[in-house]
Amino acid sequence: MTAVATTKLHPAPLRLAAAGLLAALAALRPAPLPAEPPSPKAAAPAAIEIDRAALPAELQEPAGVQARLFRDGRVFIAGQPSEEALGRFKELGVTAVVNFRTQREMDNREQVPYDEAALAARLGLEYVHLPIGGDDHPWRPEVIDGLADVLRRHRGPVLLHCTVAWRASYVWTAYLIRELGLPLDEALARGEAIALDESPLGELLGRETRLVFADGKP
């Protein structure tokens with residue numbers, strides 16, 4: 001699916017790719033199943049509850065998270081956590097960490113001065129790596145598949161992170177649309193409250209713009 005942009009996605013290649021991710025992933029809602037008794041797995045709910053009357057809450061604790069830290073329901077959306085912050089997330093009940101940074105980023109000890117996967121293992125946390133960035137790791141629907149699987153299996157708090165919560169905010173927004181069925185505008189507002197960019201096009205034109213799906217479906 002393609003989309004007409006409404007949010008403020010700046011013309012850098014990565015941001016344009018992110019805009020395409022939202023349109024493509026949100027449009028890929030599962031097709032209706034044949035009229036037969038669903039399997040227990042198919043009948044399982046997404047197991048995510050959010051307060052739709054309030055935007056994601058910005059947090060100051062745990063300390064040691066780069067740039068941004070938000071919570072939406074039982075999901076933390078954050079920038080890169082420090083060693084101490086990861087241990088604190090464990091104390092707060094987090095059972096899984098989903099990382100959207102590339103392995104090249106994670107291996108750079110100037111950016112990440114510890115082995116996050118190894119520390120997660122020592123803490124007893126499931127560590128799920130769904131890298132996004134560059135030609136080797138494009139924005140793709142499989143990222144939402146992976147996130148949905150983690151959130152189905154872990155009924156407690158889960159941490160999603162990248163460098164400054166930018167990629168994580170896009171993935172979370174797409175998850176809300178595809179898996180929870182939130183209307184596009186509502187999901188975008190939640191993502192924008194975290195780190196999702198808005199497009200300056202409307203301001204330049206002096207008129208309101210909005211994102212819509214090319215097929216016209218909500």
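Here, each number is a calculation from the coordinates, and none is a lab measurement. What you see is a predicted model; the values in this text were computed from it and never measured. No Cβ is skipped: glycine too gets one built from the backbone with ideal geometry, and neighbour counts run over all protein chains shown.
Descriptive notes on the structure:
- Of 83, 198, 58, 179, the sequence from fewest to most neighbouring Cβ atoms within 10 angstrom is 58, 83, 198, 179.
- Likely footprinting exposure, 180, 159, fewest C-beta neighbours within 10 Å first: 180, 159
- You can think of it this way: the chain between residue 57 and residue 215 has 53.6 nm of extra reach, that is 0.36 nm per residue less the Cα-Cα gap.
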